Structure formats: C-alpha cells, structure tokens
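To keep things clear, I will list the structure first and then write my remarks on it.
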Amino acid sequence: MGDSPDFPHLPVMTIGELRCETAARLRAVAGDLAAFEADRLLGHLMKCGPTELTLRAALSVTVSEEDQLARLIANRLTGRPLAYVLGHVEFYGLDLLCDSRALIPRPETEELVAVSLDRLPDPASVIRPLIVDVGTGSGNIALAIAQQRPDVRVIATDIDHGALSLAGENRRRLGFSGRVTLLAGRSLAMFRPAPFADLIVSNPPYVVPGDPNIDRSVIDFEPHVAVFAGPSGLEILFELLAEAQTLLKPGGWFVSEMGYDQGNNIRDFLLTRPAWAEPVIYRDLACIERILTVQRVC
C-alpha cells in the first residue's frame, strides 16, 4: 500500500483571535460597542465573562464553537438587537429571558425600579405593600421589585398575551409564582372599586410615531405596542394617571417612565388635578428627564 495522502491542515483559531475577528465583523452594526458585543457573544458561547476570555486567550476553539458563533454573528448582522440574539438580558441583578414578545429591558428602567423601591413603606411596617406594574412586558420591573422586597405583593398586567407569556416564563424561572400575579389588560379600571394599591409603576408606551430619534432596530424588531403611543406620546400615560388617582391609597405613589420632552406637559396636566401632589421628575444617567413620581394626597 502507498503512503496515506496528505490532507490540508485547517488552522485552529484561538479565543483571542476569534475575539478580535468577531469585533471586526460586528463593527458594521455595533460601531464603538463592537468589542463589547463580541465579548457578550463569545462569553455566551463559552459561558464566561470578559476577564476569563482574556485569561483563556491562547486556548483553541473547536470547529463546532466557531460554527455556533458564526450563526450568532449572522443573526446580529441582520440588525436584530443583541439581547434578542442572546435570548436573555441582565436586569437589576436578574437574568431574564428576552425575545421579540416584549420590549428589551434597559438600564434607565433599572433607575425606575430604584426610585419605586424608595417610595415603598419601610419593610418593618405592619403593612404588606401592594404594587401594580402596568405594561409589565418581560416582567422585569415586577420581578426586580419582588426580588428586592420579599414582603411585597405584586400584580403585573399587560395588554399583549405574548408579553404575558414571556413574563410567566421569567416568573417561573426565578421562583416568584407565589408572589407575582399576572393579569391580561392595560386599563386600571378592572381593579375598581376601592383604593387598594400602595404604588403603581409603569413603563408605558410614550414615543410619538415617526420620532426620528428612535433606533432602527427598535422599529424593525421590538413590539410597537410597547413603544408607540398616540400623536402626543402622552395619551396612555394620562389615561393611567386619571385611573391611578382613584386606585392608589392616599399617600400612595405613581411612578412612570416618560419621554425626554414631556415634562412640562405632564406638570400642566397634574396641576389641574387636586388629587395629586406636585410631581418630581428625575433625570437618567444621560441627564434627560426620564422618571415621573407623583403622590396621591386625597
């Protein structure tokens, strides 16, 4: 028998090389965040963080791992948001399932959670607070509050059944099925009659359709029902405020995200309604007015 034929040797990439190549390929969709996104994709595949990727930079990857990463990159290059490509997102210390059934939880909404927690009665109080989260989406706000305050009860609502399904999956994964109730619907009218809530929180749709500042990926991939309101962007928020004033206990709080240019219109709206105290609006990390807080006084 003759000598065995020589087959061409396929080069094996190291984690470090693949890390650099992935960042270069993602630059078209991620820009300056390409290296960050490369680490997220590789970390997802290798089940480790950026530091571990650095420490393992000289190790080779398998052909199977390269193929899996190539599929993730191709998905991201369509413009699909990174959180949807990965299928999960971290929010307020929780690992949440994330897909196109609901809006992607964002860092500014973590600030909404922090402000809401500050408005709750002290944990040592004999009162067991009841919170209503309107438009819960993936359940991120409701579940984060429940995680931080084991003493509270939370009712989370959404008009979209797909979003409620996702919220239910996150609720089961995190073990909150006994403390977070999910209900279909947007209007708070279903809770009438009787003031009963200590806090109503919402990240409602507040974007005007056609707003040129909205990222293309939001328009193309995220659910419009969770993003866009009516012509002013304030229709749903004003509806919630009108309903909340009868459902909150006296002294209870309404906390909501809002658009960057909506503060003055919200203040004017509340000035005509004596049930509310003077609102306080907080700025986000970009110094943009983002979080409305207002207390029911009567």
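Quick look at the values:
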read-out	value
Difference of contour (0.36 nm per residue) and Cα-Cα distance, SER232 to SER60	56.5 nm
Contour excess over end-to-end distance, with Cα ends at ARG283 and GLU52 and 0.36 nm allotted per residue	79.6 nm
Inter-site label distance for THR246 and GLU169 at 7 Å from Cα along Cβ, in nm	3.7 nm
DSSP beta bridges in the chain [antiparallel fraction, %, rounded to 5]	45 percent
Dipole of the chain [Lys/Arg +1, Asp/Glu -1 at C-beta], most positive-end residue of ILE266, VAL218, ALA244	ALA244
Helix-only [θ]222 nm of the chain, DSSP H runs n ≥ 4, -39500 (n - 2.57) each, per residue, nearest 500	-12000 deg cm²/dmol
Segment HIS161-ASN213, extension gain: residue separation times 0.36 nm, minus the distance between their alpha carbons	15.9 nm
0 to 90° range, to nearest 10: angle between helix 15-30 axis and the chain longest Cα axis	50 degrees
Relative contact order of the chain, pairs being alpha-carbon contacts under 8 Å that are 6 or more residues apart, as %	13 percent
Hz values of 3J(HN,Hα) by residue in segment 217-230 - Karplus curve (6.51, -1.76, 1.60), Gly and Pro given as x	5, 5, 5, 7, 10, 8, x, 4, 5, 8, 10, 9, 9, x
In Hz, Karplus ³J(HN,Hα) per residue of segment 42-53 (6.51, -1.76, 1.60; θ = phi - 60°; x = Gly, Pro)	5, x, 4, 5, 8, 6, 7, x, x, 4, 5, 4
Qualifying trypsin sites (Lys or Arg not before Pro) in segment 29-120, DSSP loop, other Cβ atoms within 10 Å at most 12	LYS47
Under 5 Å, built H, 5+ apart or other chain: amide partners of GLY252	ARG296
Long-range HN-HN contacts of LEU183 with modeled amide H, under 5 Å	ALA156, THR157, ASP158
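Since every read-out is calculated from the coordinates, none of them should be taken as a lab result. Everything quoted here is computed from the prediction, not taken from an experiment. Backbone-built Cβ (ideal geometry, glycine too); neighbour counts: all protein chains shown.
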